[in-house]
């Protein structure tokens with residue numbers, strides 16, 4: 001007898017299996033349904049999932065027991081071709097539920113089952129009443145300035161964002177009075193004329209030529225010192241990609257880099273450049289994703305999640321600052337955007353360009369081993385020269401907010417000479433600890449094994465791990481004493497002290513607390529402009545920002561990263577120091593870097609200063625190989641948490657028994673644990689972990705392929721929250 005067709009549907013649930021449904025009433029299933037969104041009943045709920053497969057069921061099989069899907073939501077598959085196969089690969093590699101992987105790849109409105117949005121651009125134009133009423137608007141106000149910008153014709157929203165701060169509020173004010181309106185326009189209507197860039201030097205030209213000569217997939221490491229003009233190489237490679245009628249995807253590590261990159265790319269490429277990052281609304285992200293799917297978006301600049309955009313006409317993928325840890329997703333589906341970009345590039349048959357002044361040791365190892373092409377830029381572009389580096393021994397020195405007297409004198413001299421100064425402190429808040437000087441009590445989070453960070457000049461306590469907040473107590477809760485004192489230095493306190501010491505100069509703090517609002521980073525940098533002044537920043541400012549008037553960088557608190565138990569700590573510190581030092585002296589003004597430390601003879605500092613990042617990498621790779629750490633081994637971390645530690649321990653013990661290879665198999669897989677996490681309690685949950693290590697990636701994944709499905713079936717798994725992290729970046 002003929003067989004019936006059923007839909008195998010993956011749902012956004014932490015379950016590894018697909019669920020079988022009959023097609024919606026009155027419809028028939030076919031292979032062309034794979035990749036389409038489908039709305040199905042699931043218990044008492046309705047969920048939106050994806051058709052992963054169309055299978056046959058004999059007429060005498062269980063098809064009569066299956067429920068019907070409610071509706072297929074797309075005329076054509078939303079996930080198809082290369083993107084669908086790449087997502088299937090990601091689900092296999094991360095050992096994650098396919099439904100959650102598919103849901104991660106699309107914007108929230110599409111996950112909710114909303115239709116694919118229109119992808120036209122938006123512009124603002126004056127109404128007939130507005131064209132005749134400009135003179136009635138008060139001079140100097142934003143509505144008047146916006147109306148004057150629109151007097152010569154419509155302006156698209158991207159252009160308005162670069163021409164006028166808070167233009168949206170002004171536009172709404174004009175719209176309420178009937179003087180302006182929002183209109184839909186073709187996305188390419190207001191594409192700017194491409195502007196010429198600086199001439200390439202011989203190193204840059206050689207890199208561009210190597211990229212142009214690449215036929216099909218290749219991984220290329222653009223290894224260039226800070227200020228060497230890597231972005232110019234990107235722009236030439238993207239322009240060549242556009243000339244061939246292809247799309248380009250550019251990944252950047254932080255939202256803060258996106259506006260600067262967008263402005264530069266829009267000015268140089270002469271095409272609309274689309275953005276995709278978490279600072280946009282759900283609707284904006286969905287429109288960019290849809291524009292990529294339709295082939296309308298020719299250049300996309302985005303953060304980690306942009307790696308999932310469809311690329312039907314792919315020509316080039318660029319990963320800027322490829323070493324940055326923010327490319328690793330730390331919750332949900334724990335993918336690494338850089339690594340997934342390489343997988344997609346291979347599937348699409350296009351080159352993937354990885355750029356960094358401080359390549360990750362994994363990437364550098366691959367380049368040295370010949371798996372990646374290695375393109376070097378060893379000198380700064382134009383007239384810029386590397387900054388001079390000075391190590392300042394602060395032992396037995398009086399410190400004011402962590403700053404030595406000679407450091408403060410150097411800051412004053414740089415300001416008096418008309419330069420800008422960056423005081424780098426990679427710890428936000430006012431102080432790391434609130435301490436009672438009488439009895440030794442310190443403020444700890446009631447939900448985590450962590451100190452509460454002092455904020456707002458000592459008035460508020462906040463846990464940076466779970467987000468818990470409370471007012472600072474007026475007296476010590478233990479002894480009742482009034483000698484509560486903030487201990488240590490955060491970016492807020494550094495800002496306060498520098499503002500007091502240099503009252504004639506602006507002090508601008510840039511950290512997570514001051515850059516949460518859309519456009520905040522640009523506003524802060526624009527407020528300082530070209531004037532002499534001080535930037536106080538955390539690692540946000542160490543990532544790729546071009547600050548041409550910066551002449552002095554002061555790194556406060558180098559020592560915090562010198563003695564960490566994390567095997568990656570040295571690499572992270574070296575990258576951070578090189579990156580933040582690279583902000584100085586990027587234009588015609590010479591730059592200087594002061595590193596304050598209590599350990600001036602530490603080998604890491606001496607190696608960096610004497611030989612640079614590559615000398616450090618040589619020694620670090622040798623140590624990693626001897627110790628059996630990545631890139632010479634492959635790791636997986638099984639984490640579990642529950643309110644009671646016994647449940648966590650029982651689950652991980654059962655998991656170890658499930659995963660452990662049989663002695664007769666001769667496996668070189670090693671298991672470490674169960675052991676407490678470095679922070680055993682966070683957000684009220686007890687946390688433990690099991691680390692898996694193997695020099696053979698295939699052996700590690702073969703073991704996990706066999707074991708992960710069994711982990712879901714363990715009775716102990718129902719009492720905990722657990723996750724599996726392949727290639728973990730942080731062993732926390």
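The values are calculated or read from the model by the stated rules, or taken from the named source; none is laboratory data. Because the structure is predicted, anything quoted here is derived from the model rather than measured. Counting neighbours? That spans all protein chains shown, and the Cβs are built from the backbone with ideal geometry, glycine included.
Here are the numbers for the structure shown:
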item	result
Residues satisfying the stated conditions in the stretch 542-564, i.e. surrounded by fewer than 24 Cβ atoms within 10 Å (Cβ to Cβ), part of a helix (DSSP H, G or I) and touching a helix residue (DSSP H, G or I) at 6+ places or on another chain (Cβ under 9 Å)	560, 561
Only one of 338, 385 that is at pLDDT 95 or above and either under 21 Å from residue 542 (Cβ atoms) or in contact with a helix residue (DSSP H, G or I) (Cβ under 6 Å, 6 or more places away or on another chain) (or both)	338
Qualifying residue in the stretch 400-418 (condition: closer than 30 Å to residue 207 by Cα, in contact with a helix residue (DSSP H, G or I) (Cβ under 7 Å, 6 or more places away or on another chain) and at pLDDT 90 or above)	no
Considering residues of the stretch 703-731 that are more than 20 Å from residue 91 (Cα to Cα) and buried (at least 16 other Cβ atoms within 10 Å of the Cβ) only, the residue modelled with the lowest pLDDT	731
Unmet criterion (only one of (1) more than 30 Å from residue 412 (Cβ to Cβ); (2) in the same structural domain as residue 420 (by TED's automatic domain parsing); (3) part of a helix (DSSP H, G or I)) for residue 567	(3)
Any hit, the stretch 681-690, residues being over 26 Å from the mean Cα position of the chain (by Cα) and either assigned to a helix (DSSP H, G or I) or over 30 Å from residue 326 (Cβ atoms) (or both)	no
Condition check for residue 227: on the phi > 0 side of the Ramachandran plot, touching a residue at least 40 places away in the same chain (Cβ under 8 Å) and either under 21 Å from the mean Cα position of the chain (by Cα) or surrounded by fewer than 19 Cβ atoms within 10 Å (Cβ to Cβ) (or both)	no
Elements of type helices (runs of 4 or more DSSP H) contained in the stretch 96-214, each with 1 or more residues being at pLDDT 90 or above and within 26 Å of residue 307 (Cβ to Cβ)	98-104, 108-111, 202-212
Unmet requirement for residue 630, which otherwise passes all of (1) closer than 30 Å to residue 668 by Cα; (2) outside any helix (DSSP H, G or I); (3) over 25 Å from the mean Cα position of the chain (by Cα)	(3)
Sole residue being surrounded by 15 or more Cβ atoms within 10 Å (Cβ to Cβ), out of contact with any strand residue (DSSP E or B) (no Cβ under 8 Å at 6 or more places or on another chain), within 29 Å of residue 339 (Cβ to Cβ) and at pLDDT 95 or above, chosen from 87, 11	87
Residue in the stretch 418-441 that is within 15 Å of residue 595 (Cβ to Cβ) and out of contact with any strand residue (DSSP E or B) (no Cβ under 6 Å at 6 or more places or on another chain) present	yes
Candidate set from the stretch 648-661 (those that are in contact with a strand residue (DSSP E or B) (Cβ under 8 Å, 6 or more places away or on another chain) and closer than 26 Å to residue 448 by Cα); member that is surrounded by the fewest Cβ atoms within 10 Å (Cβ to Cβ)	653
Set 302, 332, 295: member being under 30 Å from residue 184 (Cβ atoms), assigned by TED's automatic domain parsing to the domain that holds residue 243 and touching a helix residue (DSSP H, G or I) at 6+ places or on another chain (Cβ under 8 Å)	302
Looking only at the stretch 423-441, and only at residues there that are over 33 Å from the mean Cα position of the chain (by Cα) and within 30 Å of residue 686 (Cα to Cα), the one that is surrounded by the fewest Cβ atoms within 10 Å (Cβ to Cβ)	440
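Yes or no, residue by residue, for (1) surrounded by fewer than 19 Cβ atoms within 10 Å (Cβ to Cβ); (2) within 25 Å of residue 597 (Cβ to Cβ); (3) touching a helix residue (DSSP H, G or I) at 6+ places or on another chain (Cβ under 9 Å):
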residue: 467; (1), (2), (3): yes, no, no
residue: 480; (1), (2), (3): yes, no, no
residue: 522; (1), (2), (3): yes, no, yes
residue: 540; (1), (2), (3): no, yes, yes
residue: 574; (1), (2), (3): no, yes, yes
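A quick yes/no check of all residues on (1) in contact (Cβ under 8 Å) with a residue 60 or more places away in the chain; (2) surrounded by fewer than 19 Cβ atoms within 10 Å (Cβ to Cβ):
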position: 358; (1), (2): yes, no
position: 364; (1), (2): yes, no
position: 369; (1), (2): no, yes
position: 377; (1), (2): yes, no
position: 388; (1), (2): yes, yes
position: 405; (1), (2): no, yes
position: 408; (1), (2): yes, yes
position: 414; (1), (2): yes, no
position: 421; (1), (2): yes, no
